[in-house]
Each structure stands twice: as C-alpha cells, then as structure tokens.
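Data first, discussion second: the structure below is written as structure tokens.
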Amino acid sequence: MDHRLIGVGGSAGGSFSVEDLGAPGARYTITTVVDTGRGDSDDRARLTDNSERTFLVDILLAKYAATSPVLNFGFAEEDGGSHLVFPNGFGAEFQTLSGAFQLHLNSLREASIIRGHVVAKSADEAMGKLANSASVVLDHLSYIARVPLRTGMLRVTDEKNLTTTIEIVSPDRPVVVGNAEEVLFIELMPIYALYRESKNSESPFYKILCLYKILEGIFGVLRGEARKRAAALGIQLDKAKEIVPDHVDISDGLKEYVGWPMADFYSRVLQKKYRDVVAHFLIKEVGVLHVGVSGQVNMFVDMAFLFDLCVQVVISNHEALLKKIAEFEARA
C-alpha cells in the first residue's frame with residue numbers, strides 16, 4: 001500500500017475535508033499516524049510493518065450515500081444506521097473463518113457498526129478479511145429482512161503501531177454550473193439517461209453495465225447513423241482519435257490501458273473482463289463473480305472510474321460530430 005501524508009496528530013483518527021481527496025468515484029486508502037516524536041524513519045517503519053498482529057476493524061453501516069463535506073475517522077455508533085432494528089437486550093456475535101465480529105446498535109436500536117478483531121500482517125489484509133466475512137452476514141440479513149444494507153467507511157486500527165486506516169470512494173460534491181448554452185441532441189437522449197443512471201447508482205457493477213451500454217449504443221448504432229447522414233450531405237468527416245485518457249486518480253493497476261485505442265479497450269477489456277462477467281452468472285474462464293468479495297468490488301470500483309472518463313471522451317466526440325452535421329443541415 002502506498003501512503004500519502006495529509007497531516008500528523010497526537011492521536012489516531014481525526015477528520016478531513018473531501019476536498020483533500022481527488023476526483024469523485026476514485027478509491028482511496030488513507031492512513032493517519034500518531035506523531036510519536038521519533039521522526040520520519042519511525043513513521044515509515046510503522047507503516048511498513050509486516051509482522052503478524054491483531055487489528056481492530058470497524059465497518060460503518062449507512063442508510064444513504066455519504067454527502068458530508070467532512071470525513072470523520074473517529075466515527076462511532078451514532079454515526080451509522082440501517083433499516084435493521086433490533087429489540088432491547090439484543091446482542092450478536094458472528095463467528096467466521098477470519099475471527100469473531102459484533103453487530104453494534106445506535107440509540108434507535110438500528111444496526112450501525114460491525115466491529116471485530118482480525119489477525120493480519122497489514123491493514124489491507126485486515127480490511128479484506130473482515131469485509132469479506134461481514135459481507136456474507138449482511139447479504140443474508142438483507143435477504144431475510146428484505147431491506148438494503150449499505151456499508152460506509154471501513155476503518156482499521158493498528159493498536160501496536162498507533163495508525164488508523166480508512167478505505168473510501170471519493171464522494172460526489174457540489175459543482176458550480178455556468179451559463180454556457182448547451183444543445184440537446186434527440187439522438188443522445190438515451191445516452192444521457194444511461195449516464196445519469198450510472199451516476200445515481202452506488203453499485204460499481206451496475207455503473208459498468210450502464211457505461212458499457214453507452215459505448216455499445218454509440219459504437220454499434222449511433223455513430224454509423226451519423227456518418228450516413230454526413231455522407232448524404234457530402235460532409236467530409238475527420239475520424240476522431242479516441243484513446244483511453246490519463247488522469248492522476250486512475251488506479252495504478254489500470255494505468256497500462258492509458259493511451260489504448262478506445263475501440264480496442266472497449267472490445268478486448270471492457271467487454272470480456274467486465275461487462276460479460278457482470279452480465280452472466282458464470283464465465284468459464286473466471287468462474288462466478290462474487291459481488292461481496294472486497295477484492296472483486298475494488299477491481300470494479302477502479303474500472304468504473306476509468307470507464308466513466310472513457311465515456312466522457314466518446315460522448316463529447318459524438319456531440320461534436322452531431323454539431324457539425326447540424327450546421328451543414330442548417331445551411332442546406
């Protein structure tokens with residue numbers, strides 16, 4: 001795990017602004033380190049400790065997606081909530097292959113935090129162990145109660161090294177909209193609807209399906225129709241050079257695709273490794289997609305961010321094509 005210093009303090013935890021994060025939709029793992037006064041070398045040693053030890057892991061439950069401009073490392077029971085309400089005297093401890101964990105309630109008796117101790121060699125490993133174990137229980141509870149069960153921040157406390165680590169997807173934030181005139185093309189109404197649907201979804205798996213359908217629609221239908229219109233008008237069109245864009249917040253594991261031709265990325269990567277895996281229960285090459293396994297969730301979160309950037313490029317290029325055709329039609 002690579003670490004980026006955003007501050008020091010006298011105790012683990014604290015809070016920070018979402019503006020300290022990058023683009024919405026990018027996944028971050030952030031660690032705070034208690035300042036012991038022993039210098040940078042001691043801080044680095046604590047962050048890179050690979051010895052087996054016990055971590056305290058907390059998973060915050062949430063009824064809705066996070067909207068607060070401040071992210072609180074020190075969240076407690078009253079900061080969480082869910083649609084699961086339990087009677088007085090309730091206490092639940094679940095035994096899993098990764099260890100035992102407890103379901104904690106807020107003052108409304110809603111399930112609000114899942115907490116447990118995990119033996120691991122790193123915060124990443126501890127996160128994965130409890131997230132995967134908790135997911136099994138939450139999946140079953142969601143089915144039994146017929147309610148959504150959302151997870152918010154995941155926090156790992158390394159009591160030996162006095163560090164606190166959280167994993168979070170950078171949330172959306174307010175955007176100032178200017179007065180620029182925009183043209184709404186009727187042909188793109190289904191595309192804009194799919195893009196909005198992807199933005200409204202909290203699921204990286206559904207986001208990817210929506211974004212894939214956008215490229216499928218433009219590459220498979222709309223672009224061909226637009227070129228036929230252009231040919232009928234005698235318009236000479238320059239073929240847009242579409243490549244996978246670069247961005248500072250693209251996951252390191254996906255940087256290799258930056259600069260690829262968009263059509264190749266669409267057919268060789270997005271379709272085979274992501275869209276087909278989400279759309280079908282079983283893929284012979286990869287088996288069953290388990291949407292509760294943290295490693296698979298993270299893989300799709302990271303790709304959903306890059307996929308969104310690609311879709312913005314393709315939509316923008318298609319809008320430019322339609323504008324050019326509209327200008328010629330207006331003069332005809």
Could you work out how far the C-alpha centroid of region 116-143 sits from that of region 181-249, in angstrom? 38 Å
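How much accessible area per residue does region 43-107 have, in Å², with a 1.4 Å probe?
Details: 3530 Å² over 65 residues.
Each residue of region 43-107 exposes 54 Å² on average to a 1.4 Å probe.
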With the full set of protein chains in place, find how many percent of the accessible area of the chain is carbon and sulfur; take the probe as 1.4 Å. 55 percent
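Quote the relative contact order of region 92-244 in percent (integer), defining contacts as alpha-carbon pairs under 8 Å separated by 6+ residues. Intermediate results must be reported in sequence, preceding the final value.
Numbers: 101 pairs, mean separation 14.6, N = 153.
In percent, rounded to a whole number, it is 10.
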Highest first, please rank the peptides 266-273, 54-61, 230-237, 219-226 by the mean number of other Cβ atoms sitting within 10 Å of their residues. 54-61, 266-273, 219-226, 230-237
Taking a temperature of 10 °C and a viscosity of 1.306 mPa s, what whole-number D in µm²/s does Stokes-Einstein yield for region 148-273 with Rh from Kirkwood over alpha carbon pairs? 85 µm²/s
Working from Cα positions, state the angle (0 to 90°, nearest 10) between the long axis of helix 204-217 and the longest principal axis of the chain. 10 degrees
What is the angle, in °, between the Cα long axis of helix 123-145 and the longest principal axis of the Cα atoms in the chain? Nearest 10 is fine, range 0 to 90. 80 degrees
Of 255/324; 207/272; 239/272; 63/273, which ones are farther than 28 Å apart at the Cα? 255/324; 63/273
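So with the 1.4 Å probe, I'd like the accessible area per residue for region 111-151, rounded to whole Å². Mind showing how you got there, number by number?
Working: 1860 Å² over 41 residues.
That works out to 45 Å² per residue.
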Arrange the residues 229, 115, 196 by how much accessible surface each exposes, largest first, with a 1.4 angstrom probe. 196, 229, 115
Per residue accessible area in Å² of region 166-218, where ligands, DNA and RNA are left out and the probe is 1.4 Å: 62 Å²
Mind pulling the angle between the C-alpha long axis of helix 189-200 and the longest principal axis of the chain? Nearest 10 degrees, somewhere in 0 to 90. 10 degrees
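Throw me the Rg/Rh for region 179-230, computed over C-alpha atoms with Kirkwood Rh, two decimals. Walk me through the numbers on the way to the answer.
Numbers: Rg = 12.9 Å, Rh = 12.2 Å.
Across region 179-230, the Cα-based Rg/Rh ratio is 1.06.
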Anchor residue 121: lysines whose Cα lies under 16 Å away (excluding residues fewer than 8 positions away in-chain): 129, 160
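Roughly how big is the chain's charge dipole about its Cα centre, with Cβ charges of +1 (Lys, Arg) and -1 (Asp, Glu), in debye to the nearest 20? Show your work: numbers first, answer last.
Numbers: 35 positive and 43 negative charges, 206 e Å.
Computed about the Cα centre, the dipole is about 1000 debye.
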From the coordinates shown, Rg/Rh (Cα atoms, Kirkwood Rh) corresponds to which of (i) 1.04; (ii) 0.97; (iii) 1.00: (i)
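Compute the relative contact order of the chain as a whole-number percentage, counting only Cα pairs closer than 8 Å that sit 6 or more residues apart in sequence. List each step's numbers first, then the result.
Numbers: 477 pairs, mean separation 64.3, N = 332.
This gives 19 percent for the chain.
The values are calculated or read from the model by the stated rules, or taken from the named source; none is laboratory data. Keep in mind that this is a model prediction, so the values were computed, not measured. No Cβ is skipped: glycine too gets one built from the backbone with ideal geometry, and neighbour counts run over all protein chains shown. To get the accessible areas, we keep the full protein, side chains included, count just its heavy atoms, and leave off ligands, DNA and RNA. Shrake-Rupley method; radii C 1.70, N 1.55, O 1.52, S 1.80 Å.
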